[in-house]
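First up is the structure itself, then whatever we jot down about it.
The values are calculated or read from the model by the stated rules, or taken from the named source; none is laboratory data. For clarity, every value in this text was computed on a predicted model and none was experimentally measured. For neighbour counting, all protein chains shown are included, and Cβ atoms are generated from backbone atoms with ideal geometry for every residue, glycine included. Each accessible area value is taken on the protein alone, full model and side chains, heavy atoms only, with ligands, DNA and RNA left out. Shrake-Rupley method; radii C 1.70, N 1.55, O 1.52, S 1.80 Å.
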Amino acid sequence: MSRKEELSGNLESVRSKIAKVADHDVTLIAVTKTFPVSDAQILHELGVRDFGENRDAEGAEKSAVVSGTWHFQGQIQSNKLKSITSWASVIHSLDDPRHFEIIEKVAPHPLQIFLQVSLDGAHHRGGAGLEELHSLAALVESSPTHTLAGLMSVPPVEMDPDQGFAQLAVIHTEFMKLFPGAKSLSAGMSGDYETAISHGATHVRVGSSILGSRSPHL
Ligand SMILES: *Cc1c(COP(=O)(O)O)cnc(C)c1O
């Protein structure tokens with residue numbers, strides 16, 4: 001089987017699972033991290049236009065070759081923001097007001113911004129606590145340039161995904177009372193995107209179910 005046939009089969013399977021559970025629009029982001037540019041090119045040929053990366057260097061390299069909407073979803077490092085904002089048009093992982101202040105200074109174009117929420121308050125996979133969320137949202141909303149898209153979360157591994165996404169849905173509903181424009185919800189990865197969609201995810205970030213397994217640390 002060629003790589004194109006393999007990716008095409010995987011992609012069709014993910015798309016049909018999404019179609020089965022979704023009763024609203026869902027954006028499928030193909031997470032190409034650790035995979036070569038050639039895979040992103042094949043996915044583009046197969047109609048994919050949304051790509052996700054966790055690292056600046058990889059995103060810069062692939063987005064220079066493959067057109068589409070490039071999403072940054074990794075941990076933000078201040079000194080990388082100038083580069084990240086040059087190739088990404090969506091950031092899923094803002095959790096620190098200082099990073100947004102830098103974005104306002106260095107970004108060469110308007111960005112869609114998701115705030116990453118920590119569901120357990122432990123912050124080990126990134127994410128702002130609930131108590132920080134509103135001030136961060138107000139900061140982004142006050143920007144004349146950038147748009148507050150919504151919330152993003154990666155439930156802690158020890159949490160049942162169904163409970164995690166249910167909790168996130170409640171947080172998002174409450175959040176939208178204060179920030180009614182922030183309608184998007186970025187939630188769900190290969191293991192749990194159907195569950196996330198059933199709890200209202202509008203953006204799913206799927207890597208290994210489309211591209212195959214990665215080495216465990218990336
Ligand atoms: C790696 C990663 C994904 C994709 O993970 P898969 O399990 O391969 O689908 C999604 N979101 C974030 C934040 C990631 O780091």
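Rundown of residues vs (1) open to solvent by less than 40 Å² (accessible area, probe 1.4 Å); (2) within 13 Å of the ligand (Cβ to nearest atom), yes/no style:
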| residue | (1), (2) |
| --- | --- |
| ASN10 | no, yes |
| SER16 | no, no |
| ASP23 | no, no |
| ALA30 | yes, yes |
| GLN41 | no, no |
| PHE51 | yes, yes |
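Can you tell which of PHE114, PHE175 is open to solvent by less than 40 Å² (accessible area, probe 1.4 Å), touching a strand residue (DSSP E or B) at 6+ places or on another chain (Cβ under 9 Å) and part of a helix (DSSP H, G or I)? Break it down stepwise before answering.
Details: PHE114 fails: part of a helix (DSSP H, G or I).
One residue alone meets the criteria, PHE175.
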Within the group GLY200, GLY207, GLY164, which residue is within 16 Å of the ligand (Cβ to nearest atom), surrounded by 15 or more Cβ atoms within 10 Å (Cβ to Cβ) and within 25 Å of TRP70 (Cα to Cα)? GLY207
If you check PRO180, PRO144, which single one turns out to be free of Cβ contacts under 8 Å to residues at least 12 places away in the same chain, closer than 27 Å to PRO108 by Cβ and open to solvent by 10 Å² or more (accessible area, probe 1.4 Å)? PRO144
So in the range 62-74, with the set limited to residues that are surrounded by fewer than 22 Cβ atoms within 10 Å (Cβ to Cβ) and within 18 Å of LEU148 (Cα to Cα), which one is farthest from the ligand (Cβ to nearest atom)? THR69
Is it the case that ALA128 is more than 17 Å from GLY52 (Cβ to Cβ), more than 16 Å from the ligand (Cβ to nearest atom) and small (Gly, Ala, Ser)? no
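Which of the residues belonging to the range 134-148 are in contact with a strand residue (DSSP E or B) (Cβ under 7 Å, 6 or more places away or on another chain) and either part of a strand (DSSP E or B) or farther than 12 Å from ASP96 by Cβ (or both)?
ALA137, GLU141, HIS146, THR147, LEU148, listed by residue number.
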Identify, please: which residue in the range 75-95 is away from the ligand (no atom under 16 Å from the Cβ) and either at pLDDT below 95 or not hydrophobic (A, V, I, L, M, F, W, C) (or both) and is, among those, surrounded by the fewest Cβ atoms within 10 Å (Cβ to Cβ)? ASN79
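So how many residues does the range 24-42 have that are part of a loop (DSSP other than H, G, I, E, B) and out of contact with any Lys or Arg (no Cβ under 7 Å at 6 or more places or on another chain)?
Here is the first cut: in the range 24-42, the ones part of a loop (DSSP other than H, G, I, E, B) are 24-26, 32-36.
Subsequent filtering for residues that are out of contact with any Lys or Arg (no Cβ under 7 Å at 6 or more places or on another chain) retains 24-26, 35-36.
Residues in the range 24-42 being part of a loop (DSSP other than H, G, I, E, B) and out of contact with any Lys or Arg (no Cβ under 7 Å at 6 or more places or on another chain): 5 in total.
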